[in-house]
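One structure below.
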Amino acid sequence: MPYRSPVADILFSLSAIADLPALLGQGLLGDLDWDAVSSVIAEAGRFATEKIAPLNRIGDLKGASYENGVVTTPPGFADVYRQWSEAGWNGVSAPAEFGGMGLPHLVNVACTEIWNGASMGFALCPLLTEGAIGALKAYGSPELLGAYLPPMVSGRWTGTMNLTEPQAGSDLNAVKTRAERAEDGSYRLFGQKIFITHGEHDLAENIVHLVLARLPGAAPGTRGLSLFLAPKFIVNADGSLGARNDLRCAGIEHKLGIHASPTCVMVYGDSDGAKAWLVGEENRGLAAMFVMMNAARLAVGTQGVAIGDRAYQRALTYARERRQGRGPKGSDGMAAIIEHPDVQRMLMTMKANVQAARGICHVTGVSLDLADHARDEAERTAAANRAALLTPIAKAFSTDIGDETTSIGVQVHGGMGFIEETGAAQDMRDSRIAAIYEGANGIHAIDLVQRKLPLAGGETVNTEIAGIRAVARDVAARGGAGFGATAARLNEAADALEKTTRMMQSWLGGDQNSALSGASHYLRLFGLTLGGACLAKAGLAAEALAANGDRHELGRVGLARFFAEKVAVAAPGLAQAIASGGGAFEAYEAILAESA
Ligand SMILES: Cc1cc2nc3c(=O)[nH]c(=O)nc-3n(C[C@H](O)[C@H](O)[C@H](O)COP(=O)(O)OP(=O)(O)OC[C@H]3O[C@@H](n4cnc5c(N)ncnc54)[C@H](O)[C@@H]3O)c2cc1C
């Protein structure tokens, strides 16, 4: 099945769910207009469909390879990466002063989905580079910006994120990599990082590593971490590349999926130490790294959407072609499996979940733009808080959806789904990492409950719930019969979300165990409710178009109904699971004992 970037669906979501045209109409994003945004996204879709998507299979089969410190990407990757960066795609949202297109975050979110849908293994390298550009832009000295940003924005150099060490995964308190001050004002790094995406490769001339490390005498824990920039090749004063730095890739991992993306063990300081420069202030490294991590979290959320859409497209094609059993319509002979209601259930679940998750990523993206560009300070702060609230949901809900959707995709294919040739298995394998890296999803659920619910004294989450209720009211007031019980189910989900939000807030003051044990259920409940509102908004927009004579989008009304009546109905059950608190965990030692 030839994969096609879902350009029309993305544009509809940007318009109907994230209200991008209205934002552009207010002039908040300069003189950019909707036509220009549409052309950029259509062109990205064309490039991804024609050039990147054909690499996906070979990337899986050949994978990246390692020999004597050298990493070679699969055939075709370097050539397409060169074409992609020469076309300017690496700098979609990067500042124009450093050679980027300076487009809104939301357009970048759309493009990130497009690249990842075509091939996650290809798109990961730019995803990290983009995050590194953001961290440098926010915290780098003028000298670092001048030397590093232009080649990173153009894609000639790529970026990496070096947090993880064997003993420091979710818990960065345990980072041991050591930094020493050098006499010339630079630093030297010593230590080992693991799982570093594209830590070494043959796509670009230089690799810019952003590394968390600890200075002598620094406080224990994350308060003692500083962020450093360590290039693979030292950059001369005139911008040319000099000597190889004292850092190397000691090997790459053999993985379940994303075989094209080298996951590297990086060794810093075999001899005199890897030469590095401070980004931001000493001992304030985590704050700088958070800029990169936040950008990457939303981007990884879009990976879930992207791979889910890819799996849906594949399953739909197969379900139309594969014939088994008599159709319920009583047709003679074998029916295409799409005629069976259970297969329809699978396909509609895939599509509805993916579009709900896309909507959540898009409202998160537009909040980032409003945080930068809204007219007054209060609006900017509210938008920044909204982005902070929604980022863990965008990351964890969307990547869980990616896993579920790719798994259903295998199921739609029957036995052929288990056979590698169909590609459904690769989608499932590639998808699996997104719920793990950039903070495992369980950690994001805890972040949502512990750090995001208290934002603005609870006002941020209250506003979000009020927004969901407003959509339910709109559906009740002006939605057509095609919406079925959407308004009622959405209201029930909002009730469940509101009730559990209050519960979580009260537990945060004392019963941490109940709050922590319910966090993942709570994040899911939030995602389902917000996702339902996103789809309902899209359905209302489709009805408005139909009222003006364009009936092409009316399927979105049915999709919103399906999600509300068949998927989001899990919300009250999740609320019950949360309400029972930590009691069900009390006996965990006995339950998990060997003999139980
Ligand atoms: C392919 C790949 C690419 C990667 N790329 C990068 C990269 O570019 N840069 C980088 O720095 N790292 C990278 N990583 C590392 C990745 O971010 C970590 O694997 C991830 O953060 C989880 O850490 P861990 O593997 O040590 O798991 P652990 O921290 O050991 O967690 C294991 C499980 O325990 C749970 N858990 C742990 N602590 C808690 C807690 N306090 N409360 C509740 N649950 C908890 C987790 O949710 C998880 O389910 C990559 C990993 C892989 C596999």
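The values are calculated or read from the model by the stated rules, or taken from the named source; none is laboratory data. None of these values were measured; they are calculated from a predicted model. Positions of Cβ are backbone-derived with ideal geometry, glycine not excepted, and every protein chain shown enters the neighbour counts. Just so you know, the surface numbers come from the protein's heavy atoms only, side chains and all, with ligands and any DNA or RNA stripped out. Shrake-Rupley method; radii C 1.70, N 1.55, O 1.52, S 1.80 Å.
For segment 410-444, how many residues meet the condition of being of a type in the set (G, A, S) and more than 16 Å from the ligand (Cβ to nearest atom)?
6
So which helices (runs of 4 or more DSSP H) stay within segment 1-103 end to end and still have 3 or more residues that are touching a strand residue (DSSP E or B) at 6+ places or on another chain (Cβ under 8 Å) and open to solvent by 60 Å² or more (accessible area, probe 1.4 Å)?
Details: elements: 7-12, 20-25, 34-47, 55-62, 77-86.
Qualifying helices (runs of 4 or more DSSP H): none found.
Do the conditions hold for H209, that is, is it within 15 Å of the ligand (Cβ to nearest atom), in a loop (DSSP other than H, G, I, E, B) and open to solvent by less than 50 Å² (accessible area, probe 1.4 Å)?
Working: within 15 Å of the ligand (Cβ to nearest atom): yes; in a loop (DSSP other than H, G, I, E, B): no; open to solvent by less than 50 Å² (accessible area, probe 1.4 Å): yes.
No, not satisfied.
Residue check, L210 against (1) among the aliphatic types (A, V, I, L, M); (2) closer than 20 Å to A296 by Cβ; (3) over 31 Å from the mean Cα position of the chain (by Cα), all met but one. Which one?
Single failed check for L210: (3).
Per-residue answers, yes or no, for (1) away from the ligand (no atom under 16 Å from the Cβ); (2) without any contact (Cβ under 8 Å) to a residue 12 or more places away in the chain:
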| position | (1), (2) |
| --- | --- |
| R489 | yes, no |
| S520 | no, no |
| L523 | no, no |
| A536 | yes, no |
| A542 | yes, no |
| A547 | yes, yes |
| A560 | yes, no |
| A564 | yes, no |
| A570 | yes, no |
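Spot the failing condition for M289; the list is (1) more than 14 Å from the ligand (Cβ to nearest atom); (2) touching a strand residue (DSSP E or B) at 6+ places or on another chain (Cβ under 6 Å); (3) touching a residue at least 60 places away in the same chain (Cβ under 8 Å), and only one is missed.
Every condition holds for M289 apart from (1).
Which residues, counting only those in segment 149-173, are in a loop (DSSP other than H, G, I, E, B), free of Cβ contacts under 8 Å to residues at least 40 places away in the same chain and in contact with a strand residue (DSSP E or B) (Cβ under 8 Å, 6 or more places away or on another chain)?
Listed by number, the residues that qualify are T164, P166.
Yes or no: I338 part of a helix (DSSP H, G or I), open to solvent by 30 Å² or more (accessible area, probe 1.4 Å) and of a type in the set (A, V, I, L, M)?
Values: part of a helix (DSSP H, G or I): yes; open to solvent by 30 Å² or more (accessible area, probe 1.4 Å): yes; of a type in the set (A, V, I, L, M): yes.
Answer is yes for this residue.
Could you please let me know if G199 is within 16 Å of the ligand (Cβ to nearest atom), assigned to a loop (DSSP other than H, G, I, E, B) and under 14 Å from A274 (Cβ atoms)? Give the derivation first.
Working: within 16 Å of the ligand (Cβ to nearest atom): yes; assigned to a loop (DSSP other than H, G, I, E, B): yes; under 14 Å from A274 (Cβ atoms): yes.
Yes, satisfied.
To keep it simple, each residue is scored yes or no on (1) open to solvent by 10 Å² or more (accessible area, probe 1.4 Å); (2) under 24 Å from A587 (Cβ atoms).
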site	(1), (2)
W507	yes, yes
S514	no, yes
H521	yes, yes
F526	no, no
C534	no, no
G539	no, no
A544	yes, no
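Return the only residue of L189, L229, L215 being surrounded by 14 or more Cβ atoms within 10 Å (Cβ to Cβ), touching a residue at least 12 places away in the same chain (Cβ under 8 Å) and in contact with a helix residue (DSSP H, G or I) (Cβ under 7 Å, 6 or more places away or on another chain).
Working: L189 fails: in contact with a helix residue (DSSP H, G or I) (Cβ under 7 Å, 6 or more places away or on another chain); L215 fails: in contact with a helix residue (DSSP H, G or I) (Cβ under 7 Å, 6 or more places away or on another chain).
Sole residue among the options that is surrounded by 14 or more Cβ atoms within 10 Å (Cβ to Cβ), touching a residue at least 12 places away in the same chain (Cβ under 8 Å) and in contact with a helix residue (DSSP H, G or I) (Cβ under 7 Å, 6 or more places away or on another chain): L229.
For a quick check of your reading of the model, give me the residue pairs whose first member lies in segment 81-95 and is closer than 16 Å to L55 by Cα, whose second is open to solvent by 10 Å² or more (accessible area, probe 1.4 Å) and part of a loop (DSSP other than H, G, I, E, B), with beta-carbon atoms closer than 6 Å and at least 6 apart or on different chains.
Partner pairs satisfying both residue conditions: Y81/L203.
Here are E565, E589: which of them is surrounded by fewer than 23 Cβ atoms within 10 Å (Cβ to Cβ), at pLDDT 95 or above and either farther than 29 Å from D9 by Cβ or among the acidic types (D, E) (or both)?
Details: E589 fails: at pLDDT 95 or above.
Only one candidate qualifies: E565.
Has segment 356-365 got at least one residue that is open to solvent by 20 Å² or more (accessible area, probe 1.4 Å) and either farther than 19 Å from G414 by Cα or out of contact with any His (no Cβ under 9 Å at 6 or more places or on another chain) (or both)?
Here is the first cut: in segment 356-365, the ones open to solvent by 20 Å² or more (accessible area, probe 1.4 Å) are none.
The answer is no; no qualifying residue exists.
Tell me, which residue of segment 238-263 that is more than 11 Å from the ligand (Cβ to nearest atom), in a strand (DSSP E or B) and not basic (K, R) is surrounded by the fewest Cβ atoms within 10 Å (Cβ to Cβ)?
The qualifying residue surrounded by the fewest Cβ atoms within 10 Å (Cβ to Cβ) is A243.
Here is a list: E589, E553, E594. Which entry is among the acidic types (D, E) and closer than 25 Å to T364 by Cα?
On the way: E589 fails: closer than 25 Å to T364 by Cα; E594 fails: closer than 25 Å to T364 by Cα.
Unique residue meeting the criteria: E553.
Quick one: would you say R380 is more than 29 Å from K255 (Cα to Cα), within 16 Å of the ligand (Cβ to nearest atom) and at pLDDT 95 or above? Show your work before the answer.
On the way: more than 29 Å from K255 (Cα to Cα): yes; within 16 Å of the ligand (Cβ to nearest atom): no; at pLDDT 95 or above: yes.
Criteria not met by R380.
Could we say that R320 is open to solvent by 10 Å² or more (accessible area, probe 1.4 Å), of a type outside the set (S, T, Y), in a helix (DSSP H, G or I) and free of Cβ contacts under 8 Å to residues at least 60 places away in the same chain here? It would help to see each step written out before you state the result.
On the way: open to solvent by 10 Å² or more (accessible area, probe 1.4 Å): yes; of a type outside the set (S, T, Y): yes; in a helix (DSSP H, G or I): yes; free of Cβ contacts under 8 Å to residues at least 60 places away in the same chain: yes.
Spelling it out, R320 is indeed open to solvent by 10 Å² or more (accessible area, probe 1.4 Å), of a type outside the set (S, T, Y), in a helix (DSSP H, G or I) and free of Cβ contacts under 8 Å to residues at least 60 places away in the same chain.
Scan segment 147-186 for residues that are open to solvent by 30 Å² or more (accessible area, probe 1.4 Å), of a type in the set (S, T, N, Q) and near the ligand (Cβ under 7 Å from one of its atoms) and jot them down.
Filtering segment 147-186 for residues open to solvent by 30 Å² or more (accessible area, probe 1.4 Å) gives 147, 150, 154, 156, 164, 166-167, 169-171, 173-174, 176, 178, 180-181, 183-185.
Retained after the next criterion (residues that are of a type in the set (S, T, N, Q)): 154, 164, 167, 170, 173.
Those that are open to solvent by 30 Å² or more (accessible area, probe 1.4 Å), of a type in the set (S, T, N, Q) and near the ligand (Cβ under 7 Å from one of its atoms): T164, S170.
So is D447 in contact with a helix residue (DSSP H, G or I) (Cβ under 8 Å, 6 or more places away or on another chain), within 14 Å of the ligand (Cβ to nearest atom) and within 28 Å of L554 (Cα to Cα) or not?
Values: in contact with a helix residue (DSSP H, G or I) (Cβ under 8 Å, 6 or more places away or on another chain): yes; within 14 Å of the ligand (Cβ to nearest atom): yes; within 28 Å of L554 (Cα to Cα): no.
Judged against the criteria, D447 is not a match.
Return the only residue of G117, G131, G146, G121 being without any contact (Cβ under 8 Å) to a residue 12 or more places away in the chain, under 30 Å from W84 (Cα atoms) and part of a helix (DSSP H, G or I). Talk me through it step by step, then tell me what you get.
Working: G117 fails: without any contact (Cβ under 8 Å) to a residue 12 or more places away in the chain; G131 fails: without any contact (Cβ under 8 Å) to a residue 12 or more places away in the chain; G121 fails: without any contact (Cβ under 8 Å) to a residue 12 or more places away in the chain.
From the options G117, G131, G146, G121, the qualifying one is G146.
Any residue in segment 236-251 that is within 15 Å of I196 (Cβ to Cβ) sitting within a Cβ distance under 8 Å of a residue that is assigned to a loop (DSSP other than H, G, I, E, B) and open to solvent by 30 Å² or more (accessible area, probe 1.4 Å)? List the pairs, counting only those 6 or more apart or interchain.
Every condition considered, the pairs that remain are R248/D270.
Show the residue pairs meeting these rules: Cβ distance below 8 Å; 6+ apart or different chains; first residue within segment 438-449 and over 17 Å from A387 (Cβ atoms); second residue within 9 Å of the ligand (Cβ to nearest atom) and in a loop (DSSP other than H, G, I, E, B).
Going by the 8 Å Cβ cut-off, the qualifying pairs are A440/S170; I443/S170.
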